[in-house]
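One structure below.
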Amino acid sequence: MNLLANLEGVSENFISFMVKQIENTIDLNFIGDIVRWLVESVGIIALGIIIFTVVLKTIVLPLDVFSKVKTKKQSLIMERMRPQMEKLQKQYSNDKNMYNQKVMELYKKNGYSMLGVCLPTLVSLIIFMLVFSQFSQYSQYANLELYRVMVTAYNGVAVNYVYDDKEDNSGFLIAGTDTDGETVYYVDFLRFESYYNDNRAENQPTYEQLVEEAAGADGVLTENEMFVVIKEYVAEGAREAAAEYYRTENQGFLWVGNIWYPDSMLNKEVPSFSNFASSVSRAGDLSNYEESYNEVTAHLTAEKNTYNGYFVLIVLAIGMMFLSQFVTMRMQKSMNELGTVDGSGKRTNKWMLIIMPIIYGVFSFFYSAGFSIYMITNTLYSFLTTLIVNKVLDVKFKKLEETEQLDKYLRKPSKAERAGRNGKKR
């Protein structure tokens, strides 16, 4: 019995192989565009992120160095005021208001001021928050665009089976358009048989077996049933094309499978649809795309079962911030101990030594591995800058002390302070 007797020739009905493309987009501002340009220019995502961070930190380096120099200078002034500060702490241990008043007088007398320290730090914090916001947005943008291109790769597979455009004339589809102008395809069933036989792998069923399995219980093969067979055949190639594009683009970094998700064993390299939708939340409601997402990622089974990381970047982010905070506390030891009459400043800074690394850990845990790389690079750059500046200042202060010029240098007001005083006089 010829199951294809009623299916010879080209079908008058059409078949579509398209999956829904996500129409929602995520917009970037100029910072996000800079990140995107660097990442796309370098070609290696992690390296692009590191370069962006280094460039940004270098731009704000003058402010950072000024803040560190000022902090070191003020810390030295505070150390020289230690005997007087300790005396005031004992004398006014029960009167904080009077203690603060006397301390301010002592500060003024010795040229001690926190203004020069706080202002650059505040500017650096504002820059960090701006970058944090846009980096988070860019991570979502990149993740969404990756999927959108995978959909394009999936939807573009059908053209490989169109015989009008092939020199060897081996395809089995004829491209056309429907009433809405969308691309659809007409099927030449005999050509499909020939194409299938020519390209069948050893582990695939024969064409006759394929047809028998598709036929209904009555042994009659309808056009719609054959459409299902052909659509599945083309879909397998489309799924593979989407998977191949994902693997070719290489979104990973060393042990991290996908840099746009956290370096965590709680995340998969290719997540479930709900986790994907959550990771691109700025694109809005994507609930209607679940079926399309599952279809496009169907051949990424291994990646769906692979941990995206092992918490390495999270531990590094916490460790680097802890080390940075520890060094900063050592620099400001005198200020922390003597800044308040009851020593609460010292206790506050000890809490900051714990809280700041935890905050960095939370950022790394919930945001992308790419953002973790940014934070680690940012902290490492600041840490190295601090060490270099401290070393240079230690040498400079030692020379000034040997020439008995240190006291004069410490009492010398900065340009900002001199400008402020001149303004008051006017």
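Quick notes
- Residue under evaluation SER133, criteria (1) farther than 30 Å from TYR196 by Cα; (2) surrounded by 14 or more Cβ atoms within 10 Å (Cβ to Cβ); (3) modelled with pLDDT of 75 or more; (4) not hydrophobic (A, V, I, L, M, F, W, C), criterion not met: (2)
- Flag for SER382 being touching a Pro at 6+ places or on another chain (Cβ under 9 Å), assigned to a helix (DSSP H, G or I), modelled with pLDDT of 75 or more and among the polar types (S, T, N, Q): no
- Condition check for ASN94: in contact (Cβ under 8 Å) with a residue 60 or more places away in the chain, outside any helix (DSSP H, G or I) and surrounded by fewer than 17 Cβ atoms within 10 Å (Cβ to Cβ): no
- Residue satisfying condition, being surrounded by 14 or more Cβ atoms within 10 Å (Cβ to Cβ) and either of a type in the set (A, V, I, L, M) or over 30 Å from ILE49 (Cβ atoms) (or both), within set TYR141, TYR163, TYR154, TYR147: TYR163
- LYS87, sole failed condition from (1) of a type in the set (D, E, K, R); (2) within 28 Å of LYS408 (Cβ to Cβ); (3) surrounded by 15 or more Cβ atoms within 10 Å (Cβ to Cβ): (3)
- Extreme residue, farthest from the chain's Cα centre (by Cα), among residues of segment 361-370 that are under 15 Å from PHE311 (Cβ atoms) and crowded, with 24+ Cβ neighbours inside 10 Å: SER364
- Qualifying position, being in a loop (DSSP other than H, G, I, E, B) and either touching a helix residue (DSSP H, G or I) at 6+ places or on another chain (Cβ under 9 Å) or of a type outside the set (S, T, N, Q) (or both), among PHE66, PHE17: PHE17
- Residue, farthest from the chain's Cα centre (by Cα), within segment 201-240, restricted to residues that are modelled with pLDDT of 90 or more and farther than 21 Å from MET18 by Cα: THR206
- LYS425 being exposed (fewer than 13 other Cβ atoms within 10 Å of the Cβ), modelled with pLDDT under 65 and more than 30 Å from GLU269 (Cα to Cα): yes
- Any hit, segment 266-276, residues being touching a helix residue (DSSP H, G or I) at 6+ places or on another chain (Cβ under 8 Å) and farther than 24 Å from ARG239 by Cβ: no
- The number of residues in segment 190-228 that are hydroxyl-bearing (Ser, Thr, Tyr) and part of a helix (DSSP H, G or I) comes to 4.
- Pairs with Cβ under 7 Å, 6+ apart, first in segment 294-311 and closer than 26 Å to GLN21 by Cα, second β-branched (Val, Ile, Thr) and part of a helix (DSSP H, G or I): VAL296/VAL151
- Selection of segment 299-327 for residues being aliphatic (A, V, I, L, M) and not in a helix (DSSP H, G or I) yields only LEU300.
The values are calculated or read from the model by the stated rules, or taken from the named source; none is laboratory data. Computed from a predicted model, the values in this text were never measured in an experiment. Cβ: placed from backbone, ideal geometry, glycine included. Neighbour counts: every protein chain shown.
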